[in-house]
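Read the structure below first, then the notes.
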Amino acid sequence: MPDPKAVNSLFARIAGRYDLANHLLSGGVDFCWRQRLVRAVHDAHPADILDLATGSGDVAFALADGLPAQVVVTGMDFCQPMLDEAVKKRSANQRWSEIEFKQGDGMALPVPDKSFDAITISFGLRNMADRHKSLCEMRRVLRPGGRLFVLEFSQPYFWFRPFYYAYLKFLLPAIASLVTGDRSAYEYLCGSIELFPGRQAMAEEIRQAGFTSVRATSMTFGIVALHEAQA
């Protein structure tokens with residue numbers, strides 16, 4: 001189970017080069033993953049969106065770019081240095097000026113019940129110390145009929161696993177060390193990816209938190225999945 005203080009410290013250390021590392025380590029495919037999420041959210045036509053574990057804000061910005069101006073997008077993260085990076089980006093584009101970034105714990109969201117029509121969380125659920133508690137919090141702050149979108153690493157197709165796990169254990173930490181100067185942070189992140197549930201198990205965890213209409217779409221040989229559910 002991830003230690004919240006350790007995870008916060010980890011992301012604080014790599015905040016400045018987090019985006020660059022993500023793009024390099026995924027070979028740029030992370031752009032495609034996020035766009036798949038964004039299209040799904042836009043199709044739901046929400047009025048109020050919470051992007052949880054927003055990090056440096058890439059998903060929040062992508063959501064805002066394709067939505068009517070009256071739609072409210074809020075980015076929330078518990079790591080202030082990551083939020084600082086998001087705020088820097090926001091200042092570069094007037095279209096993003098209405099996005100609000102707040103510090104908040106994903107296991108005790110500082111917002112009232114039934115506050116949002118949609119919640120997105122991208123590659124952040126596996127870093128929660130208690131996934132069930134976090135999912136229940138998301139359920140609490142969604143309005144009836146609201147939608148949850150979880151973009152997260154998953155377990156790859158059987159034939160692809162040897163190649164993928166070799167990349168995670170050996171090549172990825174080495175590249176990340178060169179880019180960020182922090183090999184240990186990515187050794188932890190690689191371990192969290194390897195231990196994360198597959199699509200069916202994750203879908204069941206979402207159901208256990210009270211969601212319905214749960215479905216998962218696999219991407220890139222199964223290494224990533226987009227989970228969608230209704231409150």
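None of the figures in this text is laboratory data; all of them are computed from the coordinates on show. Since the structure is predicted, the reported quantities are computational estimates derived from the model, not experimental observations. Virtual Cβ from ideal backbone geometry, glycine too; neighbours counted across all protein chains shown.
Descriptive notes on the structure:
- Some residue of the range 22-29 being under 27 Å from LYS114 (Cβ atoms), part of a helix (DSSP H, G or I) and touching a helix residue (DSSP H, G or I) at 6+ places or on another chain (Cβ under 9 Å): no
- Of the residues making up the range 7-55, those that are more than 17 Å from the chain's Cα centre (by Cα) and without any contact (Cβ under 8 Å) to a residue 12 or more places away in the chain number 4.
- Scanning the range 183-194 turns up no residue that is assigned to a loop (DSSP other than H, G, I, E, B) and more than 22 Å from VAL41 (Cβ to Cβ).
- Every residue from the range 95-104 that is within 18 Å of MET82 (Cα to Cα) and surrounded by fewer than 16 Cβ atoms within 10 Å (Cβ to Cβ): SER97, GLU100, LYS102, GLN103
- For the range 142-192, taking the residues that are over 17 Å from LEU25 (Cβ atoms) and surrounded by 21 or more Cβ atoms within 10 Å (Cβ to Cβ), the one that is nearest to the chain's Cα centre (by Cα) is identified as VAL150.
- Filtered residues of the range 34-91 (kept if in contact with a His (Cβ under 9 Å, 6 or more places away or on another chain) and closer than 21 Å to ALA225 by Cβ): LEU63
- Whichever residue in the range 196-211 is touching a residue at least 24 places away in the same chain (Cβ under 8 Å), of a type in the set (A, V, I, L, M) and assigned to a helix (DSSP H, G or I) and, among such residues, is nearest to GLU152 (Cα to Cα): MET202
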